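**Q** Structure below; questions to follow.
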Amino acid sequence: MARKTLNTDQAEGPLARREMRIRKNPETYGALLAAALQVAGEHGYRETTIYRVVERANLGVGTFYHYFEAREDLLDSLFPFVQGRLITHLADSDEPLNAEQLFELLLAFVDDNANYLRIHNDAQAWRPDLYWVERNRLVDAMGVRLAAHGALTPSRLHLLIGIMLAFAQVARQREARADLEGEARSLLRTIGG
């Protein structure tokens with residue numbers, strides 16, 4: 001009797017099947033995440049429902065469950081998705097930057113991705129453990145860009161990111177943005193070199 005060989009490309013179990021679906025149709029997975037980003041940006045994590053997401057994505061509820069087990073699974077995927085976009089934005093060039101230039105890149109990203117700050121804040125309250133995994137990923141990406149200006153310790157990078165995000169959040173809410181950005185740049189020069 002011929003022995004059956006295991007094909008590692010064939011998945012077993014619900015999580016493996018989901019991974020196969022994502023690989024086969026990343027556009028649908030991305031559409032669900034993009035819709036969730038919009039919905040969570042408008043309504044916050046608490047009010048982000050499966051129905052709102054699939055309606056925004058113009059997909060069916062059944063399709064949602066091919067990619068996510070539950071609403072919580074979607075929300076757990078949302079911050080890594082948007083944080084990945086920020087890291088890609090920061091890594092567009094290999095050129096080392098100083099803290100002020102990095103702050104400019106962060107502000108540009110926040111301006112182009114209006115929902116980022118709300119997602120960032122909600123993710124921190126929703127799943128602090130996942131939030132810090134992603135925050136460390138951002139620290140690593142920023143550390144690479146700042147490396148030429150002297151090695152900053154991870155704790156100083158966390159401080160720098162916290163300051164940048166806080167200033168970006170306040171700057172989006174105030175009309176006196178130019179004054180605030182000037183103050184932020186001065187502080188960043190002091191901390192980040």
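**Q** Please verify whether segment 50-68 includes one or more residues that are crowded, with 20+ Cβ neighbours inside 10 Å, under 22 Å from Arg135 (Cβ atoms) and in contact with a Leu (Cβ under 7 Å, 6 or more places away or on another chain).
**A** No.
**Q** Among the residues of segment 108-129, is any under 27 Å from Pro26 (Cβ atoms), more than 17 Å from the chain's Cα centre (by Cα) and outside any helix (DSSP H, G or I)?
**A** no
**Q** The conditions are (1) surrounded by fewer than 17 Cβ atoms within 10 Å (Cβ to Cβ); (2) small (Gly, Ala, Ser); (3) in contact with a His (Cβ under 8 Å, 6 or more places away or on another chain), and Ala99 fails exactly one of them. Which is it?
**A** Single failed check for Ala99: (1).
**Q** Does at least one position in segment 79-89 carry a residue that is polar (S, T, N, Q), surrounded by 15 or more Cβ atoms within 10 Å (Cβ to Cβ), in the same structural domain as Met142 (by TED's automatic domain parsing) and at negative phi? Working first, answer last.
**A** Looking only at segment 79-89, we keep the residues that are polar (S, T, N, Q), and these are 83, 88.
Filter once more, keeping what is surrounded by 15 or more Cβ atoms within 10 Å (Cβ to Cβ): 83.
Those left that are additionally in the same structural domain as Met142 (by TED's automatic domain parsing): 83.
Then keep just the ones that are at negative phi; that gives 83.
Within segment 79-89, one or more residues are polar (S, T, N, Q), surrounded by 15 or more Cβ atoms within 10 Å (Cβ to Cβ), in the same structural domain as Met142 (by TED's automatic domain parsing) and at negative phi.
**Q** Moving on. For segment 57-79, how many residues are out of contact with any Ser or Thr (no Cβ under 9 Å at 6 or more places or on another chain) and part of a helix (DSSP H, G or I)?
**A** Just the residues of segment 57-79 that are out of contact with any Ser or Thr (no Cβ under 9 Å at 6 or more places or on another chain), to begin with: 58, 60-62, 64-65, 69-70, 72-73, 76-77, 79.
Imposing the further condition that a residue be part of a helix (DSSP H, G or I) reduces the set to 61-62, 64-65, 72-73, 76-77, 79.
Qualifying residue count, segment 57-79: 9.
**Q** Sort through Leu152, Leu159, Leu146 and tell me the only one that's surrounded by 15 or more Cβ atoms within 10 Å (Cβ to Cβ), assigned to a helix (DSSP H, G or I) and either acidic (Asp, Glu) or modelled with pLDDT under 80 (or both).
**A** Selected residue: Leu146, the only one of Leu152, Leu159, Leu146 that is surrounded by 15 or more Cβ atoms within 10 Å (Cβ to Cβ), assigned to a helix (DSSP H, G or I) and either acidic (Asp, Glu) or modelled with pLDDT under 80 (or both).
**Q** Further question on the same structure: For segment 38-54, name all the residues that are over 15 Å from Asn115 (Cβ atoms), part of a helix (DSSP H, G or I) and touching a residue at least 12 places away in the same chain (Cβ under 8 Å).
**A** Of everything in segment 38-54, those that are over 15 Å from Asn115 (Cβ atoms), part of a helix (DSSP H, G or I) and touching a residue at least 12 places away in the same chain (Cβ under 8 Å) turn out to be Ile50, Val54.
**Q** Among the numbered criteria (1) in contact (Cβ under 8 Å) with a residue 24 or more places away in the chain; (2) surrounded by fewer than 18 Cβ atoms within 10 Å (Cβ to Cβ); (3) assigned to a helix (DSSP H, G or I), which single criterion is violated by Arg135?
**A** (2)
The values are calculated or read from the model by the stated rules, or taken from the named source; none is laboratory data. Given the structure is predicted, the values throughout are model-derived calculations rather than measurements. Cβ coordinates were reconstructed from backbone atoms using ideal geometry, including for glycine residues, and neighbour counts include every protein chain displayed.
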